[in-house]
Structures are given as structure tokens and as C-alpha cells.
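As C-alpha cells, the structure follows; a few thoughts come after it.
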């Protein structure tokens, strides 16, 4: 015999336990600050919400407010571990604010434009986070200038505002300082596509720190994308250079994995013949051969900050700045892919 389905807790249930009016519970649930609610009362209401297991009825709320309760997040692909760290931070912050994060991939500029149109213009989401490096700067700036709430994540766009980025310039300076401290004088920087602002900014910061240490500019090599196969293809240029570099700073996705695989195929020993350090640490770096020295970034906080900024835009606030997440500072995680040299 089937038991009757459990009744969904209501605002009235919460109000009865907290001994307040249901309208006050509604104000607390929806973070309505137009009428003051004392901290003691708010805590009592929140405790009652937890006790009965109350959750917003987003479908009913959507009919009343015209909102979906969804935030969209567009990324080029889901194979990059860095995206997952940002996504996790964004997902947790969105949930705390009563939203669900809808993730979609857009691996080409055309598919990105389609994704934006379907998600935002057609009202499928209430706001949009954009982490697609595929979309050109002009297209991204146009998107930001539109009527819908949009925040760019992990990327600056020249001439446009409303973005959240990690302090990867500080990370690049840290990488240069670390390698120079190990005695490396001939370094390379392996990046993603050369035209991207993130590539230009990371390369400039890395070379600036090398110059400050009295070292020559790094050999600049650009991979066509962010995957391990892209890194494998770009490695040929690193190995063929007459500069005979002894260390590589890899700044894009999984390209360092492809580089290390290509080195092994050529019989180049890491770290004895070539040191490798990667930007954006992830659990994967513990399982490369050898484990990869990397710089840990607060990417989860980038995701959370992006959601906060998006919610401010959704409330009608004009944002004219790029927020740089600087805390905690980039942290060096030393493993076995780097070694002191006496070259």
C-alpha cells in the first residue's frame, strides 16, 4: 500500500513555528529589505525554515515575477578543470541566493552567439555568466552593452565592463620569480590563442618579472586551444627553438599535459632537462608523470563573485568595473616537475 506523498512545507508552516506573520517570512525568504526585520527575528525565521525543510516554489514564483530562477553559464567546453572550480563556486553561491545554475557549452563563436540568444534573449534564464574565450572581444562587448544582465568570467574585454577575473598577473609574476630562483635563465611561456586578452596579460606579467630578475624575455609559444592535444602540437615549437629553454610556464587549460607527453615521446626528461610549471592547480596535476608544479588560484571565489555581480546587475545596478579577486593570493604548489638548474 502506497503512502500519501509528503506535503510540501509552506510559508504558513514556517510562520507558525517562528510565531510571525507569513508575509514577514516571505520578506526574509526573498531578501526583501524594504521593511526592516530585526536580526533576532530573521534568525528565528531561518531556524524555522531549516526545521520544516521549506524551499522556494520557483515555478510558482516564476509565474508571479516573470523570473525563471535560473542563471546561465556558458563555457567553451567542460574538459578544462579550471572551469569546474569556477562552476563549483558559482553553483554554491547561486544556490544560497535561491537560484539554479544552468551550464551549457559553446565551442565556437557561432554556437556561443546562438547560446546567448536562446538563453538570455528568449528569457530562459534571468542572467548570464560568460566564460567563453571563443567569442571575440567585439561580440562580447556588444553582449555586455545589451539590455540583459551579463557578467564575463575569467576574462577582461577591452572597452567593456562588468567582469570578474582572478589575479593571474600576480600568478605569472610568481611563476617567473620561482623559476628564476631555481636558476633558469632560458624560459618559455606556453599560452592559449595569442589574440586573447588573458594571453597578452599573462605573457606581459611573466616577462615583466623576468626582466626585473635580469633575465631575457621568454620564448612565447601559443597553442591553438586549451586541450592536451593542443599542448602536444605546440610543444614542437618549444623543442625546436634554438634558445634551448630549460623551463616552461604553461598558462592555458591542459596544454601542459600535452607538453609533458610530447617531452616523454622525445626522450626529454622532466624535470632533469625541462622544468614545467602550470597556472591553475587542480587534482589532475597530482597524477601527471611526474606530478606538476602549479599555482593554485581562488577560482571558486571567482565563480561566487561573478554570481554576486550578476545579481547586482539583475537588480538594475550599473556596473562599470572589472573585479579582480585577490584573496587568497596565488599559492605555489611545488611538485616533481620542476628542478633547480645550474645552467
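Each reported figure results from applying straightforward, stated rules to the coordinates on display, with no laboratory input. Note that the coordinates shown come from a computational prediction; the quantities given were computed from them, not determined experimentally. Cβ placement follows ideal geometry from the backbone for every residue including glycine, while neighbour counts extend to all protein chains displayed.
A few notes on this one:
- The modelled label-to-label distance for the pair residue 78/residue 23, using points 7 Å beyond Cα in the direction of Cβ, is 4.5 nm.
- Ascending count of other beta-carbon atoms within 10 Å, so fewest first, for 21, 39, 126: 39, 21, 126
- Tail fraction, Cα-Cα pairs, segment 168-297, threshold 23 Å, whole percent: 20
- Computed E for residue 340/residue 92 - FRET, C-beta separation, R0 45 angstrom, nearest 0.05: 0.70
- The residues 239, 206, 232, 287, when put in order of fewest to most other Cβ atoms within 10 Å, stand as 287, 239, 232, 206.
- Among 230, 32, the ranking by other beta carbons within 10 Å of each residue's beta carbon, starting with the fewest, stands as 32, 230.
- A Förster radius of 51 Å, combined with the Cβ-Cβ distance separating residue 308 from residue 266, puts the computed FRET efficiency at roughly 0.65.
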